[in-house]
Amino acid sequence: MIPRLRRWLSPFELFTYATTLAIVLFLRASNLRMGWKTVEYTVVPMIGILYRPLLVGLALHLVAAVLARRSPLAWLRAVARPQSMLLWLRVWLAAMAMTYGYTWLKSCVPLLRTTVLDPTLWKLDRFVHFGLSPSIFAAELVEGTPVARWLDVWYSAWVTSVMVALAFFFLSDDLRKRRNFALACAALWLTGAWIYYALPSLGPCFTVPEVFARVRLEMPASALAQQALWHNYGLMVAGRNGSLREFNPYFGVAAMPSLHVGAHWLFTLWSRRYARRLVPIFAAATLLTFLGSLATGWHYAIDGYAGMLLAWGAVRVADRFEPVGAPVLEG
């Protein structure tokens, strides 16, 4: 069966669709309704904006060609081939499935796990750092400085930064690189969602809010987002008895691991292999995101370390099962 599927689907598709199916079956087995409305809410809107990442990717590659003083015609001819455009569509279909599985598993954790590990993570964070709390240190370090506002703005732009990176890498003229990158991303986010379930946690901003009370005044975007997520979390907890009727699945709360840090570190590791000029950009992005995750209270430091380790594993898995050095299989 698997060899037959392998003829039609690449490893990134097999992993994404199989893992997403496993998530749906798991949630249904846990007596959660996973009907058409869940698809309608998360997947259908993504179809309507499918053209946006394509246009962003095209624009970024054209700008990159101009900056590198290269003619964009060769790249345009390569990506305009039917095989290339078909692969682009397949990657983004898999991305929709990945988003669906990730979103619903993460958002349903409060319904499935009634305890959180934050007290243990708080103690472990201090133990790893020889008695020093990175959360307290970071909050006090940036409090009263312009850095607090800068980190707030940067962290709020995380989704945009990730979407721009995805749009760029998914329009590489090397189809093997695209498949490799797609598997790495799927491994990061879908595995991360399962870890959210295995190690349920909220983050220090919710469990020790007093630590961030003063610096939060200088981080309005983070404060507003945390308020919205905490409200949604309250709805989920109150709905454990089956009365849940209204909530936002995109407002799931999970700290371990930090996929904010993990995503930027994955881009760094992947760029080190296949786009070395971008390494400094993504390395700096990783550092800023890590510092932002601490100062805002979204994550413990060990969440960031776990996210980076997961990113490293995802890249290794991609190199093993979607090797860029393998012959290109078109069709």
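The numbers here are math on the coordinates, done by the rules we state, and not lab data. Predicted model, so just to flag it, every value in this text is computed and none were measured. Neighbour counts are summed over all protein chains in view; Cβ atoms, including those assigned to glycine, are modelled from backbone coordinates with ideal geometry.
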Review point. In segment 55-151, with Lys and Arg counted as +1 and Asp and Glu as -1 at Cβ, which of these residues, 88, 112, 78, has the Cα nearest the positive end of the dipole, that is, farthest along it?
Key: 78
Review point. In straight Cα distance, which aspartates and glutamates are under 18 Å from residue 37, not counting same-chain residues fewer than 8 positions off?
Key: 246
Revision key, fill the gap. The longest stretch of the chain containing none of the GluC sites (Glu not before Pro) that sit in a DSSP loop with at most 13 other Cβ atoms within 10 Å is 1-245
Check your understanding: Got the relative contact order for segment 2-321 handy, in percent, Cα pairs under 8 Å and 6 or more residues apart?
Key -> 25 percent
Point to revise | FRET efficiency, residue 123 to residue 73 (Cβ-Cβ, R0 56 Å, nearest 0.05) | key: 0.45
Exercise for review: For residue 52 and residue 240, calculate 0.36 nm times their separation in residues minus their Cα-Cα distance, and state this gained length in nm to one decimal.
Suggested key: 63.9 nm
Revision key, fill the gap. Longest principal axis of the chain (C-alpha) makes with the long axis of helix 175-198 (C-alpha) an angle, in degrees to the nearest 10, of 20 degrees
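Under a Cβ-only charge scheme (Lys and Arg +1, Asp and Glu -1), can you give me the dipole magnitude of the chain about the Cα centre, in debye to the nearest 20?
1140 debye
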Exercise for review: Taking 7 Å along the Cα-to-C-beta vector as the label spot, tell me the residue 18-residue 213 distance in nanometres, rounded to one decimal.
Suggested key: 5.1 nm
Exercise for review: Would you look at the GNM of the chain, springs on alpha carbons closer than 10 Å, and say which of 183, 294, 141 moves the most?
Suggested key: 141
Review point. Which residue fluctuates the most in the chain, going by a Gaussian network model with Cα springs under 10 Å, if the choices are 161, 258, 30?
Key: 30
Study note, to complete from the structure: Taking Cα atoms only, helix 146-156 is inclined relative to the longest principal axis of the chain by an angle, in degrees rounded to 10, of 50 degrees
Review point. Of all the stretches in the chain, which is the longest one without any exposed loop site, taking trypsin sites (Lys or Arg not before Pro) in a DSSP loop (any state but H, G, I, E, B) with at most 11 other Cβ atoms within 10 Å?
Key: 71-244
Study note, to complete from the structure: Once both label points are put 7 Å beyond Cα along the C-beta direction, the residue 86-residue 284 separation in nm becomes 4.1 nm
Practice item. Determine, from the Cβ-Cβ distance of residue 137 and residue 195 and an R0 of 25 Å, the FRET efficiency 1/(1 + (r/R0)^6), rounded to the nearest 0.05. Key: 0.50
Study note, to complete from the structure: Here FRET efficiency (C-beta to C-beta, residue 173 to residue 63, R₀ 25 Å, nearest 0.05) is 0.95
